[in-house]
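The values are calculated or read from the model by the stated rules, or taken from the named source; none is laboratory data. Note that the structure is a prediction, hence the values are computed from the model and not measured. Using ideal geometry, Cβ is built from the backbone for each residue, glycine included, and neighbour counts are taken over all protein chains shown. Note: accessible area is taken over every heavy atom of the protein model, side chains too, but ligands, DNA and RNA are not part of it. Shrake-Rupley method; radii C 1.70, N 1.55, O 1.52, S 1.80 Å.
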Amino acid sequence: ARRVVVRKQETKYDEVMQKEQEGSPKYIDDVYIPDDLNDMEPDFAARLQTLAEDISGRPLYYANAGLVVLAMYFVTTALHGMLVMVNQVPLVQDSFETIGLIYLLWFLMEFVGDSNKRSDLLDRVDYFMKNLK
């Protein structure tokens with residue numbers, strides 16, 4: 001007769017319970033596991049209070065941010081719909097892929113192959129990144 005041994009797989013909960021019985025602090029993978037949620041409430045309440053004060057202090061900023069996010073959603077949805085319609089036209093998808101490959105090859109030959117142009121391109125990118133901030 002064959003004997004099958006089934007081992008219990010330890011979980012994080014089992015590890016916490018074992019450490020609690022040992023009386024050691026509740027750390028798992030260097031993360032503190034609090035006894036209950038009361039340990040986290042003051043910090044969360046302070047953050048929530050700070051956020052509420054910031055929103056009440058700058059309502060137009062948050063209203064504009066919300067409108068920008070909403071507008072981005074509508075624009076993205078509209079562009080997606082247009083792209084789906086254009087992709088249904090025969091040969092358009094293949095021609096876009098061909099144009100993209102041709103541009104990629106041109107870019108690689110133009111800027112990556114020539115060291116002078118490559119350094120000029122890097123200077124332009126650095127200038128753009130510095131002015132972005």
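Matching residues to (1) touching a helix residue (DSSP H, G or I) at 6+ places or on another chain (Cβ under 6 Å); (2) in a helix (DSSP H, G or I); (3) at pLDDT 80 or above; (4) open to solvent by less than 70 Å² (accessible area, probe 1.4 Å):
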position	(1), (2), (3), (4)
Pro34	no, no, no, yes
Val68	no, yes, yes, no
His80	no, yes, yes, no
Leu105	no, yes, yes, no
Met109	no, yes, yes, no
Arg118	yes, yes, yes, no
Leu121	yes, yes, yes, yes
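Can you tell me how many residues in the range 82-92 are open to solvent by 90 Å² or more (accessible area, probe 1.4 Å) and polar (S, T, N, Q)?
Of the residues in that region, 1 qualify.
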